[in-house]
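The values are calculated or read from the model by the stated rules, or taken from the named source; none is laboratory data. This structure is a prediction, so every number in the text was calculated from the model and none was measured. Here the Cβ is made from the backbone with ideal geometry for all residues, glycine too, and neighbour counts use every protein chain on show. We work out accessible area using only protein heavy atoms, side chains counted, and drop any ligands, DNA or RNA first. Shrake-Rupley method; radii C 1.70, N 1.55, O 1.52, S 1.80 Å.
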Protein chains: 2
Amino acid sequence: MATDPLSLTFAALADPTRRAILARLTEGPATVKELSAPFDMSGPAVSKHLRVLERAGLITRGRDAQWRPCELDATPLRQVSEWADGFRQFWDASYRRLDDYLAQLQANQPPDTDHPA
Amino acid sequence: MATDPLSLTFAALADPTRRAILARLTEGPATVKELSAPFDMSGPAVSKHLRVLERAGLITRGRDAQWRPCELDATPLRQVSEWADGFRQFWDASYRRLDDYLAQLQANQPPDTDHPA
DNA sequence: TAGTTAAATAACCAAGTGGTTAGGCATGAT
DNA sequence: ATCATGCCTAACCACTTGGTTATTTAACTA
C-alpha cells in the first residue's frame, strides 16, 4: 500500500467501521471497549481498525490504568477537504452547464410561459 | 472490501497513481495510453487503476475506434468534501484552543514584552 | 495470592491489491 | 490478407486487509 500521508488517510477512511469510530470520537475520548460496543465484531478486530486510524494520524492513544483511551485528531482531514475542494468546479460542472443552457435558452428563445414544461 | 459508495470512493483515492490520473483528467478526456505515459508501469497495471476509478464512479469510459477515452466524473468527490467538512470544527479545534489560551493569557497576565519566549 | 478486566499480540484464513508477463480481440492502415 | 496499434483478459506473484480464536500482558480488586 502507498505510505504517503494523504494515501494513508484515504485508506483509513475507506471503511464504514472506521468512519463510525471517528464519528463517535467527535463526542469525546473513548476506551477501546466503548468503541467496540456498537459493532458485532471481536475486540482484536477493533484494535486493528484503531491501529490503522493511528497510523493515519487520525487518533491518538493515551493510557489510564488498564484503559487505553482514544482521542480524535482531525488535522489530516484538513488535507482531505482541501484536496477534494480542488475538484469543486468539476462536480459543479454539470450544474453550471445546465445553468448555462437555461440562460442561453432564456436569452435566445424565451420559453412560452403559457405552455410550461 | 466495503462496497458502499463512500468507501469505494475513499479506497479509489488511496493511491497516488489514481489521484494523478484524476488530476490529469481535469484537463480533459484522455486515452489509456496517454494516461499511462507519466508512469513507469505496464499497460495492464494502469487498466486496473482505471477499473477501480470506474467502479467508484470517478471516471466514465467511451469508445472511439480502438481507443477507450476516459473522462472525469467528479460528482462522488462532492460527498467526500461534505463528509470531511463535517469535521472542520475539530481540525480547527487546536487553533481555537490556542487562540483561547492566548486570549486568556492576554487578559490575566499580559506577557512581558521585554522577555519574549 | 488469586481472580477479573482491558487490551494487545500471535497465528491463521479468505479475499483483495498492485504489480508482472503472455496472449487475445477489435480496429485501422498497407 | 497481413500487420500494427490500443486495450483487455488471464494467470500468476508477493503483500495487505479484515476478520477469527487463543494466548499474553498489564492493571486493578478481593
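Screening B:L77 with (1) more than 9 Å from chain A (Cβ to nearest Cβ); (2) in contact (Cβ under 8 Å) with a residue 60 or more places away in the chain gives one miss only, at (1). For B:A30, the conditions (1) under 19 Å from A:L6 (Cβ atoms); (2) crowded, with 16+ Cβ neighbours inside 10 Å all hold with the exception of (1). Only residues that are exposed (fewer than 15 other Cβ atoms within 10 Å of the Cβ) and either more than 10 Å from DNA strand D (Cβ to nearest atom) or closer than 19 Å to A:T9 by Cβ (or both) were counted across region A:46-67, and they come to 6. How many residues are of a type in the set (A, V, I, L, M) and within 11 Å of DNA strand D (Cβ to nearest atom) when one looks only at region B:15-45? Residues flagged as of a type in the set (A, V, I, L, M) and within 11 Å of DNA strand D (Cβ to nearest atom) within region B:15-45 amount to 5.
Of everything listed in (1) modelled with pLDDT of 95 or more; (2) within 13 Å of chain A (Cβ to nearest Cβ), the single unmet condition for B:A93 is (1).
Across region A:1-15, the qualifying residues are those that are modelled with pLDDT of 95 or more and in a loop (DSSP other than H, G, I, E, B), and the one among them that is least open to solvent (accessible area, probe 1.4 Å) is A:A14.
Scanning region B:10-24 for residues that are more than 8 Å from chain A (Cβ to nearest Cβ) and either touching a residue at least 24 places away in the same chain (Cβ under 8 Å) or in contact with a Gly (Cβ under 6 Å, 6 or more places away or on another chain) (or both) yields B:A12, B:T17, B:R18, B:I21. Among the residues of region B:49-74, which ones are more than 13 Å from chain A (Cβ to nearest Cβ) and either over 19 Å from the mean Cα position of the chain (by Cα) or in a strand (DSSP E or B) (or both)? Hits for region B:49-74 are B:R61, B:G62, B:R63, B:D64, B:A65, B:Q66, B:W67, B:R68, B:P69, B:C70. Examine region A:33-45 for a residue that is touching a Ser or Thr at 6+ places or on another chain (Cβ under 8 Å), open to solvent by 40 Å² or more (accessible area, probe 1.4 Å) and assigned to a loop (DSSP other than H, G, I, E, B), and state whether such a residue exists. Checked against the condition, which is being touching a Ser or Thr at 6+ places or on another chain (Cβ under 8 Å), open to solvent by 40 Å² or more (accessible area, probe 1.4 Å) and assigned to a loop (DSSP other than H, G, I, E, B), region A:33-45 yields at least one hit.
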